[in-house]
């Protein structure tokens, strides 16, 4: 794995975090720190197999950020506006039926701790 691929993954993650967490200074700073920390932690890694695995993690993380994370901003008390992009994964959405019968969960044995 080349240094160029690692730098590309690093930059791609940062670009995505800036887009996803736009105007959210707390999330921007926290994500910046986490990305930098993870890349710094593995800066001396020389094993190509490990580097390949780490690059896959970076690519998967970027994809999750881009497609699974949305921002919601409170416009008025109790009312939120979601920022959904073209990349956001949208599953099939069925209308809620107010007369739907929702089964109750059976109360059974509980796990003991």
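Checking the conditions here, which among 76, 85 is at pLDDT 80 or above and surrounded by 10 or more Cβ atoms within 10 Å (Cβ to Cβ)?
85
With out of contact with any helix residue (DSSP H, G or I) (no Cβ under 7 Å at 6 or more places or on another chain) and surrounded by 10 or more Cβ atoms within 10 Å (Cβ to Cβ) as the only criterion, which of 70, 102 stands out?
70
Within the range 1-19, count every residue that is in a helix (DSSP H, G or I) and either surrounded by 13 or more Cβ atoms within 10 Å (Cβ to Cβ) or in contact (Cβ under 8 Å) with a residue 24 or more places away in the chain (or both).
Matching residues across the range 1-19 total 11.
Identify all residues within the range 20-52 that are in a helix (DSSP H, G or I) and surrounded by 13 or more Cβ atoms within 10 Å (Cβ to Cβ); write none if there are none.
20, 27, 28, 30, 31, 32, 34, 35, 36, 38, 39, 51
Does the range 38-59 include one or more residues that are within 18 Å of residue 87 (Cα to Cα) and within 14 Å of the chain's Cα centre (by Cα)?
yes
The values are calculated or read from the model by the stated rules, or taken from the named source; none is laboratory data. Given the structure is predicted, the values throughout are model-derived calculations rather than measurements. Neighbour counts are summed over all protein chains in view; Cβ atoms, including those assigned to glycine, are modelled from backbone coordinates with ideal geometry.
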